[in-house]
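Below is one structure, written out as structure tokens; the observations come after it.
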Amino acid sequence: MTASKEALRVVQIAAQAASDKVAENLVALDVTNPMPLTDIFLIASGRNERQVMAISDGIEERLLESGIKLLRREGKSSGRWILLDFGYVICHVMHEEERMYYSLERIWSDCPVVPLELVSADRSLS
């Protein structure tokens, strides 16, 4: 079984929103086979708690604008690991230290990587 078309659409929107907030090391994993509750995990890193919260807020806002409602949110108060559950897609926005420690990519290494098509914003100052 592979991720649904809707999950693939949702993860692209979420990943672009995270990228726009300067998230680092974006990885999407198709977890449909081992995880019947969702299709895709999106994992993103921030360098500090404030950035982790900004990335999380950006994802949540962009998906809401696209008509996709957040079902559950965990970890917002600490800003170290925020989990956003959108049903088809679960976003893990992690401080880079937590990401290295918990190593979700290693835990889910048998799952296929979902290619992300991100449009990079011009961040140069003119």
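What are the residues in segment 1-20 that are in contact with a strand residue (DSSP E or B) (Cβ under 8 Å, 6 or more places away or on another chain) and either over 16 Å from I40 (Cα atoms) or modelled with pLDDT of 95 or more (or both), if any? Across segment 1-20, the qualifying residues are A7, L8, V10, V11, A14, A15, A18, S19. T32 falls short of the stated requirement of being within 18 Å of K69 (Cβ to Cβ) and part of a loop (DSSP other than H, G, I, E, B).
Taking the criterion of being closer than 17 Å to K5 by Cα and under 12 Å from the mean Cα position of the chain (by Cα), the residues of segment 55-87 that qualify are L63, F86. Apart from one condition, L42 fits all of (1) at positive phi; (2) crowded, with 16+ Cβ neighbours inside 10 Å; (3) at pLDDT 95 or above; the exception is (1).
Here N48, N25 are screened, and the one residue that is polar (S, T, N, Q) and within 19 Å of S78 (Cα to Cα) is N48.
Note on segment 56-121: enclosed strands (runs of 3 or more DSSP E) holding 3 or more residues that are in contact (Cβ under 8 Å) with a residue 40 or more places away in the chain and surrounded by 14 or more Cβ atoms within 10 Å (Cβ to Cβ) are 89-95. When residues in segment 35-55 are screened for being part of a helix (DSSP H, G or I), among the small types (G, A, S) and in contact with a strand residue (DSSP E or B) (Cβ under 7 Å, 6 or more places away or on another chain), 0 of them pass. Within segment 1-24, being assigned to a strand (DSSP E or B) and under 10 Å from the mean Cα position of the chain (by Cα) holds for no residue.
Taking the listed residues V31, V52, the one that is among the β-branched types (V, I, T), surrounded by 14 or more Cβ atoms within 10 Å (Cβ to Cβ) and over 13 Å from the mean Cα position of the chain (by Cα) is V31, with no other qualifying.
The values are calculated or read from the model by the stated rules, or taken from the named source; none is laboratory data. What you see is a predicted model; the values in this text were computed from it and never measured. Note: ideal-geometry Cβ built from the backbone for every residue, glycine included; neighbour counts use all protein chains shown.
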